[in-house]
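Worksheet: one structure, shown below.
Rule-based calculations on the coordinates, nothing more; no lab input. Owing to the predicted nature of the structure, the values given are computational and were not obtained by experimental measurement. Heads up, the Cβs are rebuilt from the backbone with ideal geometry, glycines too, and the neighbour counts pull from every protein chain shown.
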Amino acid sequence: MLPVDKIAFLQNVPLFVGMTSQELMDVAEIVKEINYPPDTTIIREDDIGDHMFILVEGEVIVHRGNVQIGKLRSREFFGEISIIDRGPRSASVTTRSNCQLLQIDQRDFWQILLAHNGLAISMVKVLAQRLRQMLATAV
């Protein structure tokens, strides 16, 4: 992807909505493009996480063991919890099709968070939404 394509894509990812063009340009500079074939486990439950992913194309399933707990498509992201606290992954993520992803490493992510508090606010909102969804389905 060209830098301009990354910026155009990122501005439609919920985590980055509302960021300025300059902020999006800074994010676009730190993302790494990665491709995975079908049936590839990208992250494993309980592994220590130091990066997150944004799905550009394709579909992945989120699962704990053999139990599917979610399905993600373009513009959705995963791995954001471990990138914040460097704790163990809460679930595994496996590709269902050929997938193109953008990877953000923890060190780069924290530099962006410190430089752009709008991203920090977006991250808190997204985590709160995911927690509410998880609690709603646990009842």
Quiz prompt | Projected label distance in nm at R96 and I48, using a 7 Å step from Cα toward the beta-carbon | solution = 3.3 nm
Quiz item: Which residue fluctuates the most in the chain, going by a Gaussian network model with Cα springs under 10 Å, if the choices are L72, L127, L15?
Solution: L127
Practice problem: Rounded to whole Å and sorted largest first, list the principal axis extents of the Cα atoms in region 55-107. | Solution: 28, 25, 13
Practice problem: Net charge near L24: determine it from the other residues with C-beta under 12 Å of the C-beta of L24, scoring Lys and Arg +1 and Asp and Glu -1. | Solution: -3
Quiz prompt | Pair T40, D105: separation of 7 Å Cα→Cβ label points (nm) | solution = 1.9 nm
Quiz item: For region 38-129, what relative contact order do you get, as a whole percent, if you take Cα pairs closer than 8 Å and at least 6 residues apart?
Solution: 37 percent
Exercise. Divide the volume of the convex hull of the Cα atoms of the chain by its number of residues and quote the answer in cubic angstrom per residue.
Key: 99 Å³
Quiz prompt | Pair A120, N66: separation of 7 Å Cα→Cβ label points (nm) | solution = 4.5 nm
